[in-house]
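Working notes for the structure below.
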Amino acid sequence: MRGFAPLSRLAAVIGALMVIMFSRSLSAACAGFIAGLICLLLNEGGRRAIKAGAAGLAVCAATAIIDPLFSHRGMTILLFVNDRPYTLESMLYGLELGLSLSGAGVWLTVLRGLVNEREMLGIFGRFSPKLAMTISMTLGFIPRLIRKSRRIREAQRGAGLFSGDSPSGRLEEVSAVFTACMAWSAEAAAGAAQSMNARGFGTHRVTFSDRRTLRLKDYLFISIVLLLTISGLVLSALGGATEFFPRVSFGRYEMAMAAVYMAECILPIIILAKERLRWTLCTARG
Amino acid sequence: MKKSLKAALFAGCMALIAGGCLLFGDRSVSWLIGSAGIAVCGIFFARFEKKETTSGEIALAAVMTALSVTGRIIFAPLPAFKPCAAVIILAGIYLGAEQGFLVGALTALISNFFFTQGIWTPFQMMIWGLTGLLAGLIGDRLKKNRLMLCIFGALAGLCYSVFMDVCSVLWLGGGFTPERFLGLTIASAWFTVSYMVSNCIFLLMFVKTAERILERLRGKYGITKGGG
Amino acid sequence: MDAVYCEGLTFKYNDAKAPALEGIDLKVGRGELVLLMGRSGCGKTTLLKLLKPEIAPFGELSGSISLLGKKAESPQPMVGYAAQSPEESFVSDTVYGEIMFAPENAGLSAEEVRRAAAETITRFGLGKFLRRKLDELSGGEKQLVSLCAALVMQPEILLLDEPFSRLDPVTAEDISSLILRLNREAGTTVIIAEHSTELLFAECDRVIFMENGRITANTSPREMCGVSAADSFLPAAARAFLGHEKCPLTVREGRRLLAEIPHAKEVALPEARVFGEEALRTDGLRFALERRGEDILDGVDIVLHKGEHLALIGANGCGKTTLLRCLAGLTKAYSGTVKVFGKRMKKPAGMVALLPQEARDIFIQPTVREDYIFALKAMEKPEKMADEMLAKMGCEHLADVHPYDLSGGETQLCTLGRVLLCEPDILLLDEPTKGLDAVSRKAFGGLIRGLCNEGKAVLTVTHDLESAAELADSCAILCGGRVESLMPAGEFFARAGSLSTAAGRISRGEVENAYTVERLRAAVWGAD
């Protein structure tokens, strides 16, 4: 979806996340989970998708098995555990929970593939340039600090300190290194502050310029996603949620909501699939 | 005009949160917590954006955040034994309450770039941010008294662990039931204790260093807490 | 209208006893290229920072500074400043972010910001690593980015604080030619503070020599040769012919002069020193980062004796640091052996010690003495050794200084002392002369010679040919992970071709074995 602005990509994922987390509907959770996996497959390849899918199913199985142990509502009793009923409804409830949890996880993985840190900063920067600046500065400091800590550690070892391998010696070493890192980072902060001043920080408001302009298709895309998300949530609140107790029954508007939600999830799938296809065809041609 | 706009915005947000609470049935609490996290962070970030900040404050906040994230990465092999909270508390004490919040919230956000971003991120941002904020508010007392500092660190560890448990219980199940909460708390008791102990250890270990470092910065580069 | 005009400038840091700058009168015309020389700590950096009001240090200031005809006041966007170490002045995580920082803070619209950045990027060829993380760049690329970040707003005056001293010779030449081009083609006024003067010395319009916060000489490069205080800071060619009426500034001029004047045809090679027993021997050391990865060390064989100082000369990325890490036991080679006094080494057990490239990495505590004591405690050695070691290094006066406040030379000495606390028999030095001025380099060289005489074995890896020629007993080239032509230093440099010292290049074909300035002087002026 690189043809769309990062904000559109973020909106697509956040929309899908909102519905899957708050709709409380078995069909929507299932649809969202599968759609997330398809997005992952299209964007990052089969291996990641299979991994995420397996992890998600494990979570679903776990919640589906564990939930009935705590919750004993429901009519269809499957067996008794410690003289307490173990019901199908609770199991399905657990399944829905697991699907919505792991679906959210899958969509967050999709988000990582669709919007990288830099683009995320671009989105933040639109609203809060100063915050974006602080974050990008932090992101610059982190690898330097990690490398510094490794160098400090080696410098100590090279000078004959901490050659033992005992746990207490290790702890001493790690904390000594961290102390030295603190001292270094204070100097680094002072250096960075000077450098900021030298380059005119504080004389004007910060402009954040590393951002994509929104095109017509982005506006269209975002409004569609917004509309579908809101209608999905409203439908769910009006009676789209699955009723689990005493017996499982689909909500009044559940099918309508699921359809709306599927439309929302299919939107990024279509775009991703189209891009994938184009790449395949283009590379095949030349 | 501007005031009314602000009021309208505020009312709108409140309505959204309240609406969510009403609509989402047994997931309303999760909605409430998530939106509270986002709202609290949003308010602080907006304040930060508006405030006049010196380059020194920004650089120090960035470097402290980097330090606590790096701590989380360096100490990654040891579960729940992390200097993050200690660094955040020290940032709160020595850089001031708002900086403390910023460091806490950004630590949660950025370290999750490196680990996994999850639905708990806003919540974690809020908790760590509030830890830094609180440390900043009672910073003068904590500076003087090592015992208080230790207790504060332990409490921060306890609260972090318990609140994260609450969060998990709320996500994990049809509403909040005491027995589930108890079960999870017991299951994570080891983590809780470890958070508390590690906070104390790291605070005691680093408090003197932090003090000397900050003093040095003030003397040499004129970088001071709040405004200056 | 002058670019910079200072009159009676005196500056004292808040907590200092003596002023850092005293009675500075300085006039720099528009478009001039000015070199500011002097020992580290003589006030060069302070003066540069005062010329950029935004980062002027805190303290008492008297006298006047005017920039481009106006009284110096913050903000001063017409002055660009690039700090000493680019690493410490980075404020973003990517090259693009770094370049955009200045325009983003200049109150421009997003379009203008992007335009300014795009122009700079295109002009200075940053396009290929635009989106790279700053952390992944090489030293030279970092210096380039830091320079460009100062140039985005097209300053009239560019202040550079030691732009070359941390770079290897090849990269330093690139950066220096870029600076020269800026001065000649864009007419930018450039003021460079630097103590290594081989580069750009002859091209400068003026050279200013500073001592203890005062300007003691302010002349053309040619006349600087007559200033006796500045002797050791001059380029090699000038040092070799110092006292001659037509003092040459470059190797080319030196060669021309040497052909005209009478001189000896040969200088005797130094006598080969006799060393003690074998201290360190490596046999076919091979190292790679991963199993299928490329070999960084490709069969290294070294022999080092007690009392010997071996210098391995290599460019960046030839495996220098990796070799030292293997020898110090910080990492393991996948094949080959390291023998210390005939025994296979398993752990770094205090026999071998390593002086790290970034010397400051070694300090943990906030003063030098506290740090020594901390190290002694960790090694379970008596605390009184700390003061003994400080005395031995001649650093007693630095005992209570914060390690980050030490100058380059002082840092190197204190670090050496800290490393020697573990009483090693073999000392490994990683680029020990990087960033040192001539005087500190001499002092450091003297200490190392003393250690060799005590019977310690010293192994240096460096790209600094001059100091290798002056200090080492044996030399070799480390290239492509292999050690080539390991032999006594005299023979090594006498036979050197492209990898020759400046004195060696001047004397090539004229005087045999004159590979250091002292030897060349002996040939020219007779044995004095």
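Can you tell me which residue in segment C:407-466 is farthest from the chain's Cα centre (by Cα), limited to those that are among the charged types (D, E, K, R) and over 19 Å from residue C:354 (Cβ atoms)?
C:449
So residue C:292 clears everything in (1) in contact with a Pro (Cβ under 8 Å, 6 or more places away or on another chain); (2) part of a loop (DSSP other than H, G, I, E, B) except one condition, right? Which one?
(1)
Say we look at segment C:371-383 and pick out the residues that are more than 8 Å from every other protein chain (Cβ to nearest Cβ) and out of contact with any helix residue (DSSP H, G or I) (no Cβ under 9 Å at 6 or more places or on another chain); which of these is surrounded by the fewest Cβ atoms within 10 Å (Cβ to Cβ)?
If we take residues in segment C:371-383 being more than 8 Å from every other protein chain (Cβ to nearest Cβ) and out of contact with any helix residue (DSSP H, G or I) (no Cβ under 9 Å at 6 or more places or on another chain), then C:380 is surrounded by the fewest Cβ atoms within 10 Å (Cβ to Cβ).
Need the failing condition index for residue A:55 against (1) in contact with an Asp or Glu (Cβ under 9 Å, 6 or more places away or on another chain); (2) closer than 25 Å to residue B:115 by Cβ, just the number.
(1)
Name the residues in segment C:77-102 that are crowded, with 23+ Cβ neighbours inside 10 Å, facing chain A (nearest Cβ under 9 Å), touching a Gly at 6+ places or on another chain (Cβ under 9 Å) and not small (Gly, Ala, Ser), would you?
The answer is C:90, C:91, C:93, C:94, C:98, C:101.
Is it true that some residue in segment A:274-286 is surrounded by 21 or more Cβ atoms within 10 Å (Cβ to Cβ), under 27 Å from the mean Cα position of the chain (by Cα) and not charged (D, E, K, R)?
no
Residue check: is residue C:275 closer than 27 Å to residue C:141 by Cα and either crowded, with 20+ Cβ neighbours inside 10 Å or in contact (Cβ under 8 Å) with a residue 24 or more places away in the chain (or both)?
For residue C:275, the condition - closer than 27 Å to residue C:141 by Cα and either crowded, with 20+ Cβ neighbours inside 10 Å or in contact (Cβ under 8 Å) with a residue 24 or more places away in the chain (or both) - is not met.
Going through segment A:1-51 one residue at a time, which ones are surrounded by fewer than 23 Cβ atoms within 10 Å (Cβ to Cβ), small (Gly, Ala, Ser) and under 17 Å from the mean Cα position of the chain (by Cα)?
A:11, A:49 - these are the residues of segment A:1-51 that are surrounded by fewer than 23 Cβ atoms within 10 Å (Cβ to Cβ), small (Gly, Ala, Ser) and under 17 Å from the mean Cα position of the chain (by Cα).
If we scan segment C:34-46, do we find a residue that is under 30 Å from residue A:136 (Cβ atoms) and either surrounded by fewer than 23 Cβ atoms within 10 Å (Cβ to Cβ) or modelled with pLDDT of 90 or more (or both)?
yes
Just for helices (runs of 4 or more DSSP H) wholly inside segment C:42-130: which have at least 3 residues that are within 30 Å of residue C:8 (Cβ to Cβ)?
C:44-50
Here is a check on your reading of the model: is residue A:88 touching a strand residue (DSSP E or B) at 6+ places or on another chain (Cβ under 7 Å) and away from every other protein chain (no Cβ under 11 Å)?
Yes.
How many of the residues in segment B:112-126 are surrounded by fewer than 23 Cβ atoms within 10 Å (Cβ to Cβ) and assigned to a helix (DSSP H, G or I)?
Counting residues in segment B:112-126 that are surrounded by fewer than 23 Cβ atoms within 10 Å (Cβ to Cβ) and assigned to a helix (DSSP H, G or I) gives 6.
Before we move on, is residue B:188 within 17 Å of residue B:82 (Cβ to Cβ), modelled with pLDDT under 85 and polar (S, T, N, Q)?
Yes: the conditions hold for residue B:188.
Quick one: count up the residues across segment C:28-66 that are over 18 Å from the mean Cα position of the chain (by Cα) and of a type outside the set (Asp, Glu).
Residues in segment C:28-66 being over 18 Å from the mean Cα position of the chain (by Cα) and of a type outside the set (Asp, Glu): 25 in total.
Which of the helices (runs of 4 or more DSSP H) contained wholly in segment B:1-107 include at least 2 residues that are away from every other protein chain (no Cβ under 11 Å)?
Here the list reads B:2-23, B:28-50, B:84-95.
Quick check: anything in segment B:54-61 surrounded by fewer than 20 Cβ atoms within 10 Å (Cβ to Cβ) and modelled with pLDDT under 90?
There is at least one residue in segment B:54-61 that is surrounded by fewer than 20 Cβ atoms within 10 Å (Cβ to Cβ) and modelled with pLDDT under 90.
Taking into account only those residues within segment B:202-217 that are under 17 Å from residue C:404 (Cβ atoms) and without any contact (Cβ under 8 Å) to a residue 12 or more places away in the chain, which is farthest from the other protein chains (Cβ to nearest Cβ)?
The extreme case among them is B:215.
Has segment C:402-421 got at least one residue that is farther than 21 Å from residue A:183 by Cα and surrounded by fewer than 20 Cβ atoms within 10 Å (Cβ to Cβ)?
no
Please state which of the following conditions residue B:176 fails to meet, knowing it meets all the rest: (1) crowded, with 18+ Cβ neighbours inside 10 Å; (2) at pLDDT below 85; (3) within 14 Å of chain A (Cβ to nearest Cβ).
That leaves (1) as the condition not met.
Anything in segment C:134-188 that is in contact with a His (Cβ under 8 Å, 6 or more places away or on another chain) and surrounded by fewer than 22 Cβ atoms within 10 Å (Cβ to Cβ)? List them, or say none.
Selection gives C:165, C:168, C:169.
For residue C:262, all conditions in the list (1) in a helix (DSSP H, G or I); (2) loosely packed, with under 13 Cβ neighbours inside 10 Å hold save one; what is the number of the exception?
The number of the failed condition is (1).
Return yes or no: is residue C:353 of a type outside the set (Phe, Trp, Tyr) and part of a helix (DSSP H, G or I)?
No, not satisfied.
Would you check if there is a residue in segment C:57-75 being of a type in the set (Asp, Glu), more than 30 Å from residue A:148 (Cα to Cα) and surrounded by 16 or more Cβ atoms within 10 Å (Cβ to Cβ)?
Taking every residue of segment C:57-75 in turn, none turns out to be of a type in the set (Asp, Glu), more than 30 Å from residue A:148 (Cα to Cα) and surrounded by 16 or more Cβ atoms within 10 Å (Cβ to Cβ).
Any residue in segment B:25-46 that is of a type in the set (D, E, K, R) sitting within a Cβ distance under 7 Å of a residue that is buried (at least 17 other Cβ atoms within 10 Å of the Cβ) and at pLDDT below 85? List the pairs, counting only those 6 or more apart or interchain.
Short answer, once both residue conditions are applied: B:26/B:174; B:27/A:22; B:27/A:24.
Given the options A:147, A:153, name the one that is facing chain C (nearest Cβ under 8 Å), surrounded by fewer than 23 Cβ atoms within 10 Å (Cβ to Cβ), assigned to a helix (DSSP H, G or I) and basic (Lys, Arg).
Only one candidate qualifies: A:147.
Let's see how each residue does on (1) outside any helix (DSSP H, G or I); (2) touching a Lys or Arg at 6+ places or on another chain (Cβ under 7 Å); (3) crowded, with 18+ Cβ neighbours inside 10 Å:
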residue: A:161; (1), (2), (3): yes, no, yes
residue: A:164; (1), (2), (3): yes, no, no
residue: A:177; (1), (2), (3): no, yes, yes
residue: A:184; (1), (2), (3): no, yes, yes
residue: A:191; (1), (2), (3): no, no, yes
residue: A:197; (1), (2), (3): no, no, yes
residue: A:209; (1), (2), (3): yes, yes, yes
residue: A:212; (1), (2), (3): yes, no, no
residue: A:219; (1), (2), (3): no, no, no
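Taking into account only those residues within segment A:71-94 that are β-branched (Val, Ile, Thr) and not in a loop (DSSP other than H, G, I, E, B), which is nearest to residue A:245 (Cα to Cα)?
The residue in question is A:87.
Taking segment C:143-171 only, how many residues are assigned to a helix (DSSP H, G or I), more than 15 Å from residue C:100 (Cα to Cα) and modelled with pLDDT of 90 or more?
Final tally of qualifying residues: 1.
Answer yes if at least one residue in segment A:120-130 is more than 11 Å from every other protein chain (Cβ to nearest Cβ), surrounded by 24 or more Cβ atoms within 10 Å (Cβ to Cβ) and part of a helix (DSSP H, G or I), and no otherwise.
Within segment A:120-130, none of the residues are more than 11 Å from every other protein chain (Cβ to nearest Cβ), surrounded by 24 or more Cβ atoms within 10 Å (Cβ to Cβ) and part of a helix (DSSP H, G or I).
The values are calculated or read from the model by the stated rules, or taken from the named source; none is laboratory data. Quick caveat, the model's predicted, so the values are computed rather than measured. Methodologically, a virtual Cβ is constructed for each residue, glycine included, from the backbone with ideal geometry; neighbour enumeration extends over all protein chains shown.
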